[in-house]
Amino acid sequence: MNSTKRNILTLVFLFFFTVIYSQKKDSLRGNFTYLLKSKSNNLYPTNIYKELFSLQISDSRSFFISENTLKFDSIFLSETKSISNGNSKVIDFRGKSLPKLNSNFVIIQSNDNVQFYGMVGMSLLSYIEPKIQDWKLVNETKTINSLICKKAELSFKGRYWIAWYSTEIPFPYGPYKFGGLPGLIVKITDKQEDYDFELVKSIPSSVLKGKTIEIDKSRYENSKVVTKNELFKAKEDFRENLSHSFENMGVVLTSEQRENLRQKEKTNELEKKGYNPIELED
């Protein structure tokens, strides 16, 4: 890993480590894995992007996060523990394979609302939305992955969604921001089939006894609450001027690193032209 990345991760460590053990964690009542298949860029219509996500459920809320983010945090925490134990003075990821973070966010559903959390540089921002309530329940059943599921439909943020939920798993949650049904959402697909979430793994409740939510609290605690537009505008500004953003974080860049970042900015600009987001409307 080059010196720029090590400097960035060292700065991020200082932010994460201050809160990582700060409070008691939620007890884990359900742990499920979803596979997302999506056509997230219209410039490459035949490309199917795939990513695994974790849905972790406590007594009163659910947490939705990319499994790559969980892996990244696990490696990061292992290194920071080494520093805190006095074995090293720097974070060193040489020889370690860090997963790519394409979906660097956490979504928490509670009885009151849905809250979306995203990191922008060193800042944790979030926005709050009402829980989804306007499902249309359909008198139709289907067996998916050995679970008997019922059908529900929903118009949400510019897309029409078809969901299959199972009352055999009595959690009113699902992937992304979807929830509010009388059972866990097993599969949900939009009408254009651009986005599809499907349950691919579940951990038996007997194995979860005594366990807690496996997500660093720095991912969702002490955030600055903003509007959705403000959060995504901040992310866009950060990506569009990576060199300036890193310098503001205290990272000194070489001329070669500046050029690499400029190329990354051009790639971001091209991909933005064909971006096919999961939410087409605010």
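The values are calculated or read from the model by the stated rules, or taken from the named source; none is laboratory data. Computed from a predicted structure; not experimentally measured. When we count neighbours, we look across all protein chains shown, and the Cβ atoms used for this are built from the backbone with ideal geometry, even at glycine. These area figures cover heavy atoms from the full protein model, side chains too; ligands, DNA and RNA do not enter into them. Shrake-Rupley method; radii C 1.70, N 1.55, O 1.52, S 1.80 Å.
Residue-wise test of (1) farther than 30 Å from K273 by Cβ; (2) surrounded by fewer than 18 Cβ atoms within 10 Å (Cβ to Cβ); (3) modelled with pLDDT under 85.
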site: P45; (1), (2), (3): no, yes, yes
site: S54; (1), (2), (3): yes, no, no
site: L77; (1), (2), (3): yes, yes, yes
site: G86; (1), (2), (3): yes, yes, yes
site: I91; (1), (2), (3): yes, no, yes
site: N102; (1), (2), (3): no, yes, yes
site: V106; (1), (2), (3): no, no, no
site: N111; (1), (2), (3): yes, yes, no
site: Y117; (1), (2), (3): no, no, no
Exercise for the section: Quick one: in segment 10-34, of everything that is within 20 Å of F171 (Cα to Cα) and open to solvent by 40 Å² or more (accessible area, probe 1.4 Å), which residue is modelled with the highest pLDDT? Expected result: R29
Exercise for the section: Might you let me know whether segment 160-178 holds any residue that is hydrophobic (A, V, I, L, M, F, W, C), closer than 20 Å to S62 by Cβ, in contact (Cβ under 8 Å) with a residue 40 or more places away in the chain and open to solvent by 10 Å² or more (accessible area, probe 1.4 Å)? Expected result: yes
Exercise for the section: Give the residue that is most open to solvent (accessible area, probe 1.4 Å), with candidates limited to residues of segment 185-225 that are of a type in the set (K, R), under 18 Å from the mean Cα position of the chain (by Cα) and farther than 23 Å from Y49 by Cβ. Expected result: K224
Practice task
Restricting attention to segment 192-227, report how many residues are within 15 Å of I107 (Cα to Cα) and without any contact (Cβ under 8 Å) to a residue 12 or more places away in the chain.
Solution key: 0
